[in-house]
Structure formats: C-alpha cells, structure tokens
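Everything on this sheet refers to the single structure shown next.
Please treat every number below as a calculation from the coordinates, not as lab data. Treat the numbers as computed from the prediction; the structure is a model and nothing was measured. Here Cβ is always computed from backbone atoms with ideal geometry, including for glycine, and neighbour counts include all displayed protein chains.
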Amino acid sequence: MESKKATRDLTSYFIIVCICTTCYFLIDIFLLSTHVLKFSAFVGIKNVLPIILGMFYGPVGTIGCVLGCVFTHCIINTPVNDFLIEMISIILVSNLSFFIWYFKKKDDRMSLKKKADYYRFGIIVLSTSIISALVALLLKGTHAAVEAFFGYFVMGIFIGIPIIIIVTSVLWVERLSPKSISSYPYFERIIDSTPESFIDFNEQLELFAAKLPMKRLFEIENCVEEVMILVKDNVPGFELRVRVQIDDSVSIRFYYPGDKYNPLHFEKNSEVGESSGIKMIAYRALRASYRYVKRHTTNYIHIVM
C-alpha cells in the first residue's frame, strides 16, 4: 500500500514538474526570441512564475522553473551572468515564497480573501524582489539589481495577484503543502447504492455547510444527485466518493472505480434526455473537468460552482 502511494506521489510530482517546466520555457523563449521587453534576459513576465509556482508546489515547482530556464538557455544561449542570476533567483525566490506563505499557518488554504492574505503575499513579493536584486548586484552590478527588483516586484503584484485569485477561487487548482500543515476543512463521504446512503450524505452536508444560503446548498445537493444517478445507472458496482470544499466558490470532487465513464460528455445539440440536469450544471459551472486513470481504473470529476 505504501509503495503504491509513493508511486502515485512520484507520478504527480513528475507531472507537476513537466507542467511548470513547459510554462516557464514557453513564456521565456517567446519573450527572448521576439525581444518584446528591452531588458536583461533574466527580466520578464516569467519572474512571476517562481513566486506563484513556489507558493503552490514548493521544491517541485522550483525544479520545474529551473529546468525551463536551462532549456531556454540551451536554445537562446543567454549571457552567462544573466543565466546565473536567473537560476539563483529562481531557487531562492520559489523556496522563500513557499516558506513565507506557510509560515505559522494553521491550514493549507491559499487565497487572497482577507487583509492578512494580502499582507503575507506583499511580504513575499517584497522580500523576493530584494533577494533577486541582491543576487543581480553581486553578479552584474547596480543596473541589473534595479532591473531584477522591479521585474519581480511589478510582475508579482500586477500579474501574481490575478493569477492566484483565478487558480484558487475559480479553478481550485490542487497544490502541494508542507506535511505539517493540516488540510483546509472539507466534507467527504462515500455514497453507495442504498437510498439511506444519499439521505445521510445530505444530512451531514447540511451540517457542514450550515452557513451557506439554502439556495446554494440546494445547488450542491442537486449537482451531487445528478452525478450520482448517472454513475449509478452506468457503472457496475456503484460506489461514489464525494469531497466538498467551500470558499469563495464551491469545489465538488467525485471519485468512482470501474470502467471509463464520463457523465459530463454529451453532444451540445443533443435532445433533452437523462443527462439534461448535468448539462445545465456543467454549462453554469466555473469548471467542470473529467479524467480517467487507467492504471487505477478510477474516474475523477471536478466541478467548481
């Protein structure tokens, strides 16, 4: 069991590294090859990535950014000093961002909702800007230090804040957090084929989401019921695990074993039928995604409302 979990973790880490590397590389090589920004090679929109990916994925995000930087340098052949400034800054900035965000936090919630969240993020941007400026000062001089400071500061404030709001409040992108930090409160239950199971689910959900307006609570229950009915009718050996998290938006994750079956897949112009309810939910949702892991024969659905 432990070996399977370790394998899953390594697989997820590898996927995260690949995504981070790709994002950094594509942004970096586009700006450097088109000369859109008339600054040193270590300055650009990419400066926000070590901050954001460091906050989200810690050392794993650091590795992705470093690899993206290395690949760009191999193709563009940027000046050695610029390359060293960028590499050292990435390592320091991403890990410092991860450390500051989770310093003395009680849970792994990541959003910019309260004043304290903005203060914490402001400290991250300011401290990482100073760190990158010091690195540039030591390796290249005063002008490079000014470029580095404003590169990280401006990109962190004007691009970093919107990105965090979108990926946390709207998309609910999963992230890695220190093992010492507890998970943000969530409600999770398994629904089986018995009617009592779904009734118990609703009762427990109402206790968990007692502060929500009744209309919002009904939307969650309706979403779960629509997915449950479709999965129950189309997947033998029905067992549906549901996980609900509530913040600015509501994240509902479904997990069920068996053959590949995607209840979100339907023709846009198809006639109204048994999937009309889930169609409406999917169209109105901020996010409605599905994936199937063949190795584990498990279906995953994520709906954000």
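List of remarks:
- At least 27 Å along the helix axis (C-alpha) and Kyte average at least 1.0, DSSP helices within the chain: 80-102, 115-139
- Test item: Cα-centred dipole of the chain, Lys/Arg +1 and Asp/Glu -1 on Cβ, debye: 800 debye
- Tail beyond 22 Å, pair distance distribution of the stretch 2-170 (Cα, percent): 41 percent
- Each stretch of four or more DSSP H residues adds -39500 (n - 2.57); spread over every residue of the chain, this sum gives -19000 deg cm²/dmol at 222 nm.
- Stretching the chain fully between Ser289 and Ala210 yields a gain of 25.8 nm (0.36 nm per residue, less the alpha carbon separation).
- Within straight-line cross-link reach of Lys113, aspartates and glutamates at Cα separation under 19 Å, skipping those fewer than 8 residues along the same chain: Glu174, Asp247, Asp248
- All lysines inside 26 Å of Lys279 as judged from Cα atoms, apart from same-chain residues fewer than 8 positions distant: Lys215, Lys232, Lys260, Lys268, Lys294
- All lysines inside 17 Å of Lys115 as judged from Cα atoms, apart from same-chain residues fewer than 8 positions distant: Lys104, Lys105, Lys106
- Using the Cβ-Cβ distance between Ser111 and Asn77 with R0 set to 45 Å, the FRET efficiency works out to roughly 0.65.
- Cleavage-rule hits, trypsin sites (Lys or Arg not before Pro), the stretch 1-85, DSSP coil, Cβ neighbours within 10 Å at most 13: Lys38
- Table column - 3J(HN,Hα) (Hz), the stretch 245-262, Karplus curve with 6.51, -1.76, 1.60, x for Gly and Pro: 10, 10, 9, 5, 10, 10, 9, 10, 10, 10, 10, 8, x, x, 5, 4, 8, 10
- For the chain, DSSP calls about 95 percent of its internal beta bridges antiparallel.
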